[in-house]
1. Name the pairs: first residue in the range 164-177 and in contact (Cβ under 8 Å) with a residue 24 or more places away in the chain, second residue of a type in the set (Asp, Glu), Cβ to Cβ under 7 Å, at least 6 apart or on different chains?
2. Would a scan of the range 223-245 turn up a residue that is crowded, with 20+ Cβ neighbours inside 10 Å and acidic (Asp, Glu)?
3. Considering the range 39-74 alone, what residues qualify as being exposed (fewer than 14 other Cβ atoms within 10 Å of the Cβ), without any contact (Cβ under 8 Å) to a residue 40 or more places away in the chain and small (Gly, Ala, Ser)?
4. May I ask you to verify whether TYR163 is more than 27 Å from GLY249 (Cα to Cα) and either among the aromatic types (Phe, Trp, Tyr) or assigned to a strand (DSSP E or B) (or both)?
5. Is it true that some residue in the range 158-168 is surrounded by fewer than 22 Cβ atoms within 10 Å (Cβ to Cβ) and farther than 19 Å from GLU299 by Cα?
6. Taking the condition more than 26 Å from GLU41 (Cβ to Cβ) and acidic (Asp, Glu), does ASP106 pass?
7. Tell me whether the range 143-152 contains one or more residues that are more than 23 Å from ASN239 (Cβ to Cβ) and without any contact (Cβ under 8 Å) to a residue 24 or more places away in the chain.
8. Would you be able to say whether some residue in the range 89-110 is charged (D, E, K, R) and buried (at least 22 other Cβ atoms within 10 Å of the Cβ)?
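The values are calculated or read from the model by the stated rules, or taken from the named source; none is laboratory data. The shown structure was predicted, so the numbers you read here are calculated from the model rather than taken from an experiment. Cβ: placed from backbone, ideal geometry, glycine included. Neighbour counts: every protein chain shown.
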Amino acid sequence: MLNVIRRKKGYRIMKNIFQRKRFYMLLCFLGFLMFAFKVVELRLDNASFIKKTSKNAFGYVMKAQHYTAKGQAMRYLEIGNDTLPMILLLHGSPSSSASWDDLMTDSFMLKNAYLVAVDRPGYGYSSFGDIVPSVIDQADMIAPILKEKRPFFKKILVVGSSYGGPVAVRLAQKYPDLLDGIMLQSASVEPGAEKIYPITYPTSKAPLKWMIPTVFRNANTEKLAHKSALLEIDNDWKNITGSATIFHGKQDSLIYFSNALYAQKKLINAKQVNLVAVEDGEHGMLWSKFDLVKKTMIEALKGLN
């Protein structure tokens, strides 16, 4: 009888411990979700961005600009000496204009270029969460920036990083008079030549899609539609007549190096094509090869006719 009582008491103790563990695990999970949705947005608001970039050697003050395209709110940031040539920066995914913050305070960059960084549709503060998978639509929504700036800048280089690369391509295809050249930085431009993680598929469908941060949900949507989006613009590479620089790491395990060779092959009418293949370069060269990225970008800008 005593053993039975002891077993029941032990069972109740273990049950309480298990219930407490489940409760604490649930609290941790909810805490993570709160952190993920509130903090992991990979973006900077106007005030934070302006403050972060205010510490530059020239004392330039960043300006935040807003406009509407295809019914969506769009935002871009600009900084520098507007008598210099202009570089328009297009970020990858998941990301926002905030990924360029170090570049936009760099003395070497500000000495040579006027810098403009846009939040691609659905990212940053361009209708955050309302992702636009179509590369064609994205380019049309970003083109107003170039239309506004073209009268004031004799040279404009559009730099597209990762998933921003095909948007740069589309801008050069459709709006050749608004820019003088493009730089494709680790750009995803070859249909199907990228790594898709297995977790992308389940987290792109309900209910799991609503349990991940918005910026990653955006990235999933864009990634799964990316191949068809690239095929939509594939026949228009011949329309690119400006200069092109292709900057890609041979060790890129996310956006494969074959993307660079594909772009080089497709740019049949470009004024000039320069391939910079980085032997030990991986995907995140904006950070791991920061000086080389800067040098290549300014060389591409100075090489524009």
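1. Correct list of pairs: GLN173/ASP236.
2. Taking every residue of the range 223-245 in turn, none turns out to be crowded, with 20+ Cβ neighbours inside 10 Å and acidic (Asp, Glu).
3. ALA47, SER48, SER54, GLY59, GLY71
4. Working: more than 27 Å from GLY249 (Cα to Cα): no; either among the aromatic types (Phe, Trp, Tyr) or assigned to a strand (DSSP E or B) (or both): yes.
Considered against the rule, which asks whether it is more than 27 Å from GLY249 (Cα to Cα) and either among the aromatic types (Phe, Trp, Tyr) or assigned to a strand (DSSP E or B) (or both), TYR163 comes out as no.
5. Residues of the range 158-168 surrounded by fewer than 22 Cβ atoms within 10 Å (Cβ to Cβ): none.
Looking through the range 158-168, none of the residues is surrounded by fewer than 22 Cβ atoms within 10 Å (Cβ to Cβ) and farther than 19 Å from GLU299 by Cα.
6. Working: more than 26 Å from GLU41 (Cβ to Cβ): no; acidic (Asp, Glu): yes.
No: the conditions fail for ASP106.
7. Filtering the range 143-152 down to residues more than 23 Å from ASN239 (Cβ to Cβ) leaves 152.
With the extra rule that they be without any contact (Cβ under 8 Å) to a residue 24 or more places away in the chain, the set shrinks to none.
No, there is no match, as no residue in the range 143-152 is more than 23 Å from ASN239 (Cβ to Cβ) and without any contact (Cβ under 8 Å) to a residue 24 or more places away in the chain.
8. So the first thing to find is which residues in the range 89-110 are charged (D, E, K, R), and the list is 101-102, 106.
Subsequent filtering for residues that are buried (at least 22 other Cβ atoms within 10 Å of the Cβ) retains none.
The answer is no, given that none of the residues of the range 89-110 is charged (D, E, K, R) and buried (at least 22 other Cβ atoms within 10 Å of the Cβ).
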